[in-house]
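Undergrad: Following this message is one structure expressed as structure tokens.
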Amino acid sequence: MTWRPVWALIERELMRMVRQRGRLVSALVRPLIWLLVIGAGFGTLLGDAASGGYQRFLSPGLLGMVMLFAAMLVSLSVVYDKEFGIMRLLIISPLPHYWVVIAKTVSGMVVAVVQAAAFAVLLALMGYIGGAVSLPLLVLGLVATALACASLGMLIAVWSSTLDNFAVVMNFVIFPVFFLSGALYPVQQLPDILKIVAAINPFTYGVDLLKHALVSGLAPPLGPDFTIAIDITVLLGFAVLAVFVACLRFSHESAAGLLDFLRG
Amino acid sequence: MQVAPLPQSDVSLAIQTIDLSKAYGGLQAVDRLQLAIPAGQFFGLLGPNGSGKTTTIHMLTTLARPTAGQASVAGHDVLRESVAVRREVGLVFQESALDRTLTVDENLRFAGMLRNLSRATIRQRSDELLELFNLRERRHAKVATLSGGMRRALDIARGVLHRPRVLFLDEPTLGLDVPSRRGIWRFIERLRREEVMTVFLTTHYLEEAEACDQVAFLTSGRIIGAGTPESLVRRFGPYVLEIDGTDMDAVSGLLSPRLGPCLKEGATASFRVPDEQFSFAELQAELNDSVQAVRWRRPNLNDVFLWINDPTLSAGFEI
Ligand SMILES: Nc1ncnc2c1ncn2[C@@H]1O[C@H](COP(=O)(O)OP(=O)(O)O)[C@@H](O)[C@H]1O
Ligand SMILES: [Mg+2]
């Protein structure tokens, strides 16, 4: 398999990210507002013991937020590509069609990791990341979560034909995924129904993995809820499944190609 | 439907189809197409809007699945060896498919990388093609700032960046003004001089296809005539006679016994003039006051198409 076509897609996505500076800035400002406004508000609500602590608790969730939005923007670029005919250029290139889906997902993942890394640096400079931080776990958490988010974005993108219905998806997928996870509150303390929903939501495990990296030292309800092994298994499992389904949906040919590949 | 591989695909043919068909629900968009296009030929598939030209191109470039029949391009079966087919072909879509957020150069580089060309190759080919298509000065301009004709030229340049063995051009001049259309034809001509490849062109400006080695007329998904443009036009006859007037019946009553049936379009009747020595001066004297204008001119492919497409006209004129 050749990587240059994949790199072409990643490069184009990064170029877009840098050119659309407004988007990049808002991608970093949005979670910052959450951190400073909501974080401070909730912190006060939770009382002295948790204040400051809550904002540290929030940082994994906000890193997740950055990646969720970044991945969605990349899948928005899939819809854009479909609408403006560039997708045809991809499917006329000599790549198997499932490879187009994979390459687009990877480019989404890369953009998400780059933006989240920038935000992590910002958090560190502001003192919200510090103490017992595991850098390898942080990298793993960023990559695995970005992959899961990008796969989700791809799943949505193959079902969206126009930019309009993509906006609906933003409201009915992105916000629930973010709110019904452990990003804003510890999963253990959610009511039972929401606990079940959070446990089904793969994004929960991404945030949890980042909690392992950043806030494993915080007092019990604020620390991670699952083991690292479970987090990684769920994230990768979801990504593989989502990309697989996206390929089946993407074209007859990629469906046939994947089935041939599986038959060996 | 199960589609069997081509029995014995002829390797010297760049494109071969047997009963190639595509149905959309009840609509037969392409109906049992038989094509045998030798390598190096400049082939034109001509027909009005909706006749199935784009559908044919999409099947030949693996973007659409035939519902029946077989096709091979550059020796590869479009269904079983789709990736190999895509490696050998270049395709310029009917609708421009450029990334407007990127520059001219970046569009070329993106396409080249998708085809796994090295950076050096992409740079060298871009230089050549931008020179050929007069786009050199605009290479760092955003595509959004280019004129329609320039965009089309870039579309074509991108389609041949990887030196395809078979190039598909789907209505390359659609939507362009006349000077830009001429420009695009000049580019295609230059390109054909510099690169050895089979070109499969579609257009509904039939008269533009005279440079083709071979053309086929498509209507409602079926080929209704084929041949070299010269032979088709020659068989049509030396002149088309067009008469504008208010009383068409009188005109056809007067001329049909001599010239055969006429094609009526609005207030104009057209006749095929089979005789090079036909005396237009005598004719003028016979016509009465209801006639407003009389013109005669050399026929083109558009005339040929109109005549063979109409069963009442094609009787005396078989191709
Ligand atoms: N995706 C599609 N679904 C249904 N009908 C289609 C589709 N694509 C083309 N058609 C129909 O097939 C016929 C041929 O279309 P097309 O190949 O685009 O013609 P042309 O390129 O000659 O204008 C038309 O009647 C068109 O409406
Ligand atoms: Mg068309």
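The values are calculated or read from the model by the stated rules, or taken from the named source; none is laboratory data. All of these numbers come straight from a predicted model, not from anything done at the bench. Methodologically, a virtual Cβ is constructed for each residue, glycine included, from the backbone with ideal geometry; neighbour enumeration extends over all protein chains shown. Quick note on the areas: whole protein, heavy atoms, side chains included, nothing else; ligands and nucleic acids left out. Shrake-Rupley method; radii C 1.70, N 1.55, O 1.52, S 1.80 Å.
Undergrad: Taking the solvent-accessible surface of protein heavy atoms with a 1.4 Å probe, what is the per residue accessible area of region A:29-153 in Å²? Let's see the in-between values first.
TA: Working: 4160 Å² over 125 residues.
Accessible area per residue, region A:29-153: 33 Å².
Undergrad: Which Rg and Dmax, in Å, describe the Cα atoms of region A:119-264?
TA: 17.4, 52
Undergrad: While we're looking at this one, here's another question. Among residues other than A:N165 whose Cβ falls under 14 Å from its Cβ, what is the net charge (Lys/Arg +1, Asp/Glu -1)?
TA: Numbers: positive: A:K82; negative: A:E83, A:D164.
Every neighbour counted, the sum reads -1.
Undergrad: How high is the relative contact order of region B:52-97, in percent, counting Cα pairs under 8 Å that sit 6 or more residues apart?
TA: Values: 35 pairs, mean separation 14.5, N = 46.
32 percent.
Undergrad: Which of A:P60, A:P221, A:P191 moves most in a GNM of chain A, Cα contacts under 10 Å?
TA: A:P191
Undergrad: Using a 1.4 angstrom probe on the protein heavy atoms only, line up A:L241, A:L142 by accessible area, largest first.
TA: On the way: A:L241 105, A:L142 15 Å².
Result, largest first: A:L241, A:L142.
Undergrad: Also: Determine which residues of region A:102-146 fall in the zone a paramagnetic label at A:S216 would reach in this model, i.e. backbone nitrogen under 15 Å from the point 7 Å along Cα→Cβ.
TA: Counting only backbone N, you get A:130-142.
Undergrad: Now for a separate question. Let's see if you can work this out: charge +1 on each Lys and Arg Cβ, -1 on each Asp and Glu Cβ, no other charges. What is the dipole magnitude of the protein assembly as shown about its Cα centre, in debye to the nearest 20?
TA: 1980
Undergrad: Filter chain A for me: DSSP H helices, axial length by Cα at least 20 angstrom, mean Kyte-Doolittle hydropathy not below 1.6. List them by residue number.
TA: On the way: long enough: A:4-19 (22 Å, -0.09); A:53-83 (46 Å, 0.90); A:97-125 (43 Å, 1.80); A:135-159 (36 Å, 2.24); A:228-250 (32 Å, 2.37).
Once both thresholds are applied, what remains is A:97-125, A:135-159, A:228-250.
Undergrad: While we're on this one: Considering amide H positions built from the backbone, and no H for Pro or chain starts, which residues 5 or more places from B:A141, or on another chain, come under 5 Å of its amide H?
TA: Here the answer is B:V104, B:D105, since their amide H atoms fall under 5 Å of that of B:A141.
Undergrad: While we're looking at this one, here's another question. What is the extension gain from A:V139 to A:R249, computed as 0.36 nm multiplied by their sequence separation minus the C-alpha to C-alpha distance, in nm to one decimal?
TA: Extra length available between A:V139 and A:R249 comes to 36.5 nm.
Undergrad: To the nearest 0.05, what FRET efficiency results for A:L14 and B:R186 with a Förster distance of 45 Å applied to their C-beta separation?
TA: Working: r = 38 Å, r/R0 = 0.84.
After rounding to 0.05, the efficiency reads 0.75.
Undergrad: A further question on this structure: Per residue, how many Å² of accessible area does region B:68-120 show with a 1.4 Å probe?
TA: Ligands and nucleic acids excluded, the result is 31 Å² per residue.
Undergrad: Just the number, please: buried accessible area between B and A, total of both chains, 1.4 angstrom probe, nearest 100 square angstrom.
TA: That pair hides around 2600 Å² of surface in total.
Undergrad: Separate question: Taking all pairs of different Cα atoms in region B:59-179, averaging 1/r and flipping that mean, what Kirkwood radius in angstroms comes out?
TA: Value: 15.2 Å, from the Cα pair sum.
Undergrad: Just to confirm a number: summing +1 for Lys and Arg and -1 for Asp and Glu over residues other than B:G25 whose beta-carbon lies under 15 angstrom from that of B:G25, what do you get?
TA: So the surrounding residues net to +1.
Undergrad: Cα centroids of region B:22-65 and region B:86-139: how far apart, whole angstrom?
TA: Result: 26 Å between the Cα centres.
Undergrad: What FRET efficiency do you get for B:I224 and B:V178 if R0 is 30 Å and r is their Cβ-Cβ distance, rounded to the nearest 0.05?
TA: Working: r = 28 Å, r/R0 = 0.93.
The calculated FRET efficiency here is 0.60.
Undergrad: Binning at 20 angstrom from zero up to the longest distance, how are the C-alpha pair distances of the protein assembly as shown distributed in percent?
TA: Calculated P(r), rounded to whole percents: 18, 39, 26, 12, 4, 0.
Undergrad: What does the structure give for B:89-98 when I average, per residue, the other chain Cβ atoms found within 10 Å of the residue Cβ?
TA: 3
Undergrad: Report the label-to-label distance for A:R30 and B:A281 in nanometres (one decimal), using points 7 Å from each Cα along the Cα→Cβ vector.
TA: About 8.3 nm separates the two model spin labels.
Undergrad: Report the dimensions of region B:229-319 along its three principal axes from the alpha-carbon atoms, largest first, rounded to Å.
TA: Result for region B:229-319: principal-axis Cα extents of 37, 26, 20 Å.
Undergrad: Continuing with the same structure: Can you pull the mean other chain C-beta count within 10 Å for peptide B:109-118? Show your work: numbers first, answer last.
TA: On the way: counts 3, 9, 6, 2, 10, 14, 8, 8, 1, 1.
If you average over the peptide's residues, the count of other-chain Cβ atoms is 6.
Undergrad: Another question about this same structure. Take A:E83 and B:D310, extend 7 Å from each Cα along the Cα→Cβ direction, and tell me the distance between the two endpoints in nm.
TA: Here the modelled spin labels are 4.5 nm apart.
Undergrad: Can you tell me the order of B:105-118, A:10-23, A:222-235, A:196-209 when each peptide is scored by its average per-residue count of other Cβ atoms within 10 angstrom, highest first?
TA: Per-residue Cβ counts within 10 Å, averaged per peptide and sorted highest first, yield A:196-209, B:105-118, A:222-235, A:10-23.
Undergrad: Would you work out which of B:Q70, A:I196, A:L137 lies farthest towards the positive end of the dipole of the protein assembly as shown? Charges go on Cβ: Lys and Arg +1, Asp and Glu -1.
TA: With unit charges placed on the Cβ atoms, the residue in question is A:L137.
Undergrad: With charges set only on the Cβ (+1 for Lys and Arg, -1 for Asp and Glu), what does the dipole of region B:131-221 come to about its Cα centre, in debye to the nearest 20? Each step should come with its number before you reach the end.
TA: Numbers: 15 positive and 13 negative charges, 109 e Å.
Approximately 520 debye in magnitude.
Undergrad: Using modelled backbone amide H atoms (1.01 Å from N, in-plane), which distant-in-sequence or interchain residues come within less than 5 Å of B:R115's amide H?
TA: none
Undergrad: How high is the relative contact order of chain B, given as a whole-number percent (alpha carbon pairs under 8 Å, six or more residues apart)?
TA: 19 percent.
Undergrad: Quick one: with all protein chains in place, what share of the accessible area of region A:114-240 is carbon or sulfur, to the nearest percent (1.4 Å probe)?
TA: In region A:114-240, the share of accessible area belonging to carbon and sulfur is 77 percent.
Undergrad: On the full set of protein chains, 1.4 Å probe, figure out the accessible area of A:S59 and give it in Å² to the nearest 10.
TA: Counting only protein heavy atoms, A:S59 exposes about 0 Å² to solvent.
Undergrad: Calculate the dipole size of region B:136-179 relative to its Cα centre from +1 charges on Lys and Arg beta carbons and -1 charges on Asp and Glu beta carbons; express the result in debye to the nearest 20.
TA: Here the size comes out at about 340 debye.
Undergrad: Something else now. Running a GNM on chain B with Cα contacts under 10 Å, which residue among B:Q277, B:Q214, B:Q292 ends up with the highest mean-square fluctuation?
TA: B:Q277
Undergrad: Just to be sure I understand the model, the point goes 7 Å from the Cα along the line to the Cβ. What's the resulting B:A39 to A:I38 distance in nm?
TA: Calculated label separation equals 6.3 nm.
Undergrad: From the phi of every residue in region B:64-72, what ³J(HN,Hα) in whole Hz does the Karplus formula 6.51 cos²θ - 1.76 cosθ + 1.60 yield, where θ is phi - 60° and glycine or proline is x?
TA: The phi angles translate into 10, 8, x, 8, 7, x, 9, 8, 10 Hz.
Undergrad: Then there is this: Tell me, how many Å apart are the Cα centres for region A:67-85 and for region B:186-223?
TA: What the calculation gives is 36 Å, centre to centre.
Undergrad: Further, regarding this structure: So what's the convex hull volume per residue for the Cα atoms of region B:79-148, in Å³?
TA: Details: hull volume 7.6 nm³, N = 70.
Looking at region B:79-148, the number lands at 108 Å³ per residue.
Undergrad: How large is ³J(HN,Hα) for each residue in region B:43-52, as worked out from phi by the Karplus curve 6.51 cos²θ - 1.76 cosθ + 1.60 (θ = phi - 60°), to whole Hz, x for Gly and Pro?
TA: Ordered by residue, 3J(HN,Hα) equals 10, x, 9, 10, x, x, 4, x, 7, x Hz.
Undergrad: Let me ask something additional. Any idea what % of Cα-Cα pairs in chain A are farther than 25 Å?
TA: I get 44 percent for the Cα pairs in chain A exceeding 25 Å.
Undergrad: Mind checking the angle between helix B:148-160 and chain B's longest principal axis? C-alpha axes, 0 to 90 degrees, to the nearest 10.
TA: Approximately 60 degrees, to the nearest ten.
Undergrad: In whole Å, what is the distance between the alpha-carbon centres of region A:172-188 and region A:91-155?
TA: 19
Undergrad: Just to check I understand the Karplus step: with θ = phi - 60° and J = 6.51 cos²θ - 1.76 cosθ + 1.60, what whole-Hz values come out for region B:87-101, glycine and proline as x?
TA: 5, 8, 10, x, 9, 10, 5, 4, 9, 3, 10, 9, 8, 5, 7
Undergrad: What is region B:152-290's relative contact order, in percent, from Cα pairs under 8 angstrom and six or more apart in sequence? Mind showing how you got there, number by number?
TA: Working: 136 pairs, mean separation 22.9, N = 139.
Answer for region B:152-290 is 16 percent.
Undergrad: A follow-up question, please. To the nearest 0.05, what FRET efficiency results for B:S12 and B:N302 with a Förster distance of 25 Å applied to their C-beta separation?
TA: 0.20
Undergrad: What average number of partner chain Cβ atoms lie no more than 10 Å from the Cβ of the residues making up A:4-14?
TA: If you average over the peptide's residues, the count of other-chain Cβ atoms is 4.
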